[in-house]
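Note sheet for the following structure.
The values are calculated or read from the model by the stated rules, or taken from the named source; none is laboratory data. Here the structure is a predicted model, which is why all the values come from computation and not from measurement. Cβ coordinates were reconstructed from backbone atoms using ideal geometry, including for glycine residues, and neighbour counts include every protein chain displayed. Note: areas computed on protein heavy atoms with side chains; ligands, DNA, RNA excluded. Shrake-Rupley method; radii C 1.70, N 1.55, O 1.52, S 1.80 Å.
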Amino acid sequence: MTTATEAAVGQAAALLLNSRSGIAFTGAGVSVESGIPHFRGEGGLWTKFDPYKVAHIDTFRKNPAEYWTYSLNHRRPDAEPNPAHRALAELERLGYLRAVITQNTDGLHQRAGSREVIELHGSSHAVVCLDCDARFPRDEVDRMNREHCPPICPACGGRFLKPTVVLFGEALPVGALRDAQALAKAADVVLIVGSSLQVYPAAGIPRLAREHGAELCIVNAEPTPFDGAAAAVIHGKAGEVLPEIVRRVVRDQTGRATAP
Ligand SMILES: [Zn+2]
């Protein structure tokens, strides 16, 4: 680790140690080390596939089979949480994070032990029927999909079973967005991990927090448009940087009896 990186890691740890209402905001970069493909940037999925073909609600409505065929070939149901997910769960357990607000749909934060997880873009683990609103576990629908593509709703026979993942052209889930905004307004620190901070309205969450006085700490492989407004910027792998932040927090919390 360079001296500059070490200083930034120390700064992030110090901010978390003094926080009363810290939150984390995460994007695809936090799951890259778990083998989940990311979308934008070098090697991203959207350099190989046109998002408006495979992940737009209008295309899905026209041809759900195309979406489900794509899903059969690209879904990684066996992905495991990595040290970055586990570090965030640990920060919550220690009392330094109130919640993780995520743009990811992979469920890896929950698997790593995070309890308060707000999924701004829905979940790939739940499937909803657009005709009758019935919900099904993804595993069950994946099984049906392998037998018949596209899968048919067992409740109403409808052809439009869709993961609760927010597709292009769809609005964010109202409840999740409202909860995230409330946490952002109350936050004193936002630990931003693996997000390019270019996708709105999700990127409006850390912006809202900053406008309400929160300090931003950014851990990302590449520069973001928010770097200039952040108290600490660390360009590195989330799976290496976050465990180091946790180590500093644990080392320096001695003397502080209990976390808030
Ligand atoms: Zn149905």
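Summary of computed values
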item	result
Some residue of the range 52-66 being over 18 Å from Gln198 (Cβ atoms), open to solvent by 60 Å² or more (accessible area, probe 1.4 Å) and modelled with pLDDT under 90	yes
Residue count, the range 208-252 (criterion: among the acidic types (Asp, Glu) and free of Cβ contacts under 8 Å to residues at least 12 places away in the same chain)	2
Flag if Arg178 is under 19 Å from Arg98 (Cα atoms), free of Cβ contacts under 8 Å to residues at least 12 places away in the same chain, open to solvent by 20 Å² or more (accessible area, probe 1.4 Å) and away from the ligand (no atom under 16 Å from the Cβ)	yes
Out of Cys153, Cys149, sole residue that is surrounded by fewer than 17 Cβ atoms within 10 Å (Cβ to Cβ) and outside any strand (DSSP E or B)	Cys149
Count of residues meeting criterion [within 16 Å of the ligand (Cβ to nearest atom) and either closer than 30 Å to Glu90 by Cβ or in a strand (DSSP E or B) (or both)] in the range 117-130	4
Residues (surrounded by fewer than 21 Cβ atoms within 10 Å (Cβ to Cβ) and of a type in the set (Gly, Ala, Ser)) located in the range 204-229	Gly204, Gly213, Ala221, Gly228, Ala229
When residues of the range 134-146 are limited to those that are within 16 Å of the ligand (Cβ to nearest atom) and in a helix (DSSP H, G or I), the one nearest to the chain's Cα centre (by Cα)	Arg138
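Residue-wise test of (1) more than 16 Å from the ligand (Cβ to nearest atom); (2) surrounded by 15 or more Cβ atoms within 10 Å (Cβ to Cβ).
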| residue | (1), (2) |
| --- | --- |
| Trp68 | no, yes |
| Glu80 | yes, no |
| His85 | yes, yes |
| Gln103 | yes, yes |
| Cys132 | no, no |
| Thr164 | no, yes |
